[in-house]
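The next block holds one structure in the form of structure tokens; read it before the comments.
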Amino acid sequence: MVKISNLRLEDLLPHRGPMLLVDEVIAVDSSHAVTRCVVSESWPLVGDGGAHPLILVELAAQTAGVCNGWDRIQTQGLDSNQMGWLVAIKNADFLVDILPLGGAVIVRAENTYNFENLREISCELRLDDALIGRATLQLFQAREQ
């Protein structure tokens with residue numbers, strides 16, 4: 001279980017079980033997060049020899065979730081509404097054909113636009129210091145009635 005100060009990764013993200021792909025939070029503040037995600041056989045989209053690079057979108061989204069979850073807790077408290085974010089992929093570039101099992105993907109997500117409950121996030125993904133993908137995500141958070 002990952003802790004950030006007194007926070008658990010599960011406090012920041014709604015993901016559980018095999019869909020929780022982030023292994024470690026390296027850095028986080030209200031505008032960015034850096035995570036480490038180790039490619040595992042239990043991941044979705046894993047086949048012979050590794051994971052399909054489409055999974056990079058989910059790694060980017062979960063890293064963005066770490067940042068925005070941390071910001072929510074800092075501004076509204078740990079017990080605040082954890083309504084999920086709906087994600088759109090504005091663009092994504094995959095620079096590898098497969099992610100090797102056991103490889104550690106470092107993901108950096110940064111909020112580049114923030115207006116009320118709409119955010120745009122720029123993400124870079126690296127494996128062994130090599131750039132393997134980029135994505136721009138758009139997030140929209142539902143509000144309670």
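Go through region 32-52 residue by residue and tally those that are modelled with pLDDT under 90 and either over 17 Å from Ile132 (Cβ atoms) or under 11 Å from the mean Cα position of the chain (by Cα) (or both). Before the answer, list the steps.
Narrowing region 32-52 to residues modelled with pLDDT under 90: 48-49.
Checking which are either over 17 Å from Ile132 (Cβ atoms) or under 11 Å from the mean Cα position of the chain (by Cα) (or both) leaves us with 48.
Summing the residues that are modelled with pLDDT under 90 and either over 17 Å from Ile132 (Cβ atoms) or under 11 Å from the mean Cα position of the chain (by Cα) (or both) in region 32-52 gives 1.
For region 89-145: of the residues being among the polar types (S, T, N, Q) and loosely packed, with under 12 Cβ neighbours inside 10 Å, which is nearest to Trp43 (Cα to Cα)?
The extreme case among them is Asn91.
Return yes or no: is Leu59 in contact (Cβ under 8 Å) with a residue 60 or more places away in the chain, touching a helix residue (DSSP H, G or I) at 6+ places or on another chain (Cβ under 8 Å) and surrounded by 19 or more Cβ atoms within 10 Å (Cβ to Cβ)?
Here the answer is no, as Leu59 does not meet what is asked.
In region 126-145, how many residues are of a type outside the set (S, T, N, Q), assigned to a strand (DSSP E or B) and out of contact with any Pro (no Cβ under 9 Å at 6 or more places or on another chain)?
8
Could you tell me whether any residue of region 90-111 is at pLDDT below 90, in a loop (DSSP other than H, G, I, E, B), out of contact with any Pro (no Cβ under 6 Å at 6 or more places or on another chain) and of a type outside the set (Phe, Trp, Tyr)?
Initial filter on region 90-111 (at pLDDT below 90): none.
Within region 90-111, none of the residues are at pLDDT below 90, in a loop (DSSP other than H, G, I, E, B), out of contact with any Pro (no Cβ under 6 Å at 6 or more places or on another chain) and of a type outside the set (Phe, Trp, Tyr).
Does at least one position in region 53-69 carry a residue that is of a type outside the set (D, E, K, R), modelled with pLDDT of 90 or more and part of a loop (DSSP other than H, G, I, E, B)? Steps first, please.
Kept after step one, since they are of a type outside the set (D, E, K, R), are these residues of region 53-69: 53-57, 59-69.
Next, from what is left, pick out any that are modelled with pLDDT of 90 or more: 53-57, 59-64.
Now drop any that are not part of a loop (DSSP other than H, G, I, E, B), which leaves 53-54.
Looking for residues that are of a type outside the set (D, E, K, R), modelled with pLDDT of 90 or more and part of a loop (DSSP other than H, G, I, E, B), one finds at least one in region 53-69, hence yes.
Cβ contacts < 6 Å: first residue of a type in the set (Asp, Glu), restricted to region 97-122; second residue surrounded by fewer than 17 Cβ atoms within 10 Å (Cβ to Cβ) and assigned to a strand (DSSP E or B), any location; separation 6+ or different chain. Result?
Hits for this filter: Glu120/Thr112; Glu120/Tyr113; Glu120/Gln138.
Quick check, is Asn68 touching a His at 6+ places or on another chain (Cβ under 9 Å), within 15 Å of Phe140 (Cα to Cα) and surrounded by 13 or more Cβ atoms within 10 Å (Cβ to Cβ)?
Values: touching a His at 6+ places or on another chain (Cβ under 9 Å): no; within 15 Å of Phe140 (Cα to Cα): yes; surrounded by 13 or more Cβ atoms within 10 Å (Cβ to Cβ): yes.
For Asn68, the condition - touching a His at 6+ places or on another chain (Cβ under 9 Å), within 15 Å of Phe140 (Cα to Cα) and surrounded by 13 or more Cβ atoms within 10 Å (Cβ to Cβ) - is not met.
Determine the pairs where a residue that is without any contact (Cβ under 8 Å) to a residue 12 or more places away in the chain, located within region 18-46, has a partner that is in a strand (DSSP E or B) and of a type in the set (S, T, N, Q) with Cβ atoms under 9 Å apart, the partner being 6 or more residues away or on another chain.
Ala27/Thr35
The values are calculated or read from the model by the stated rules, or taken from the named source; none is laboratory data. Note that the structure is a prediction, hence the values are computed from the model and not measured. Cβ coordinates were reconstructed from backbone atoms using ideal geometry, including for glycine residues, and neighbour counts include every protein chain displayed.
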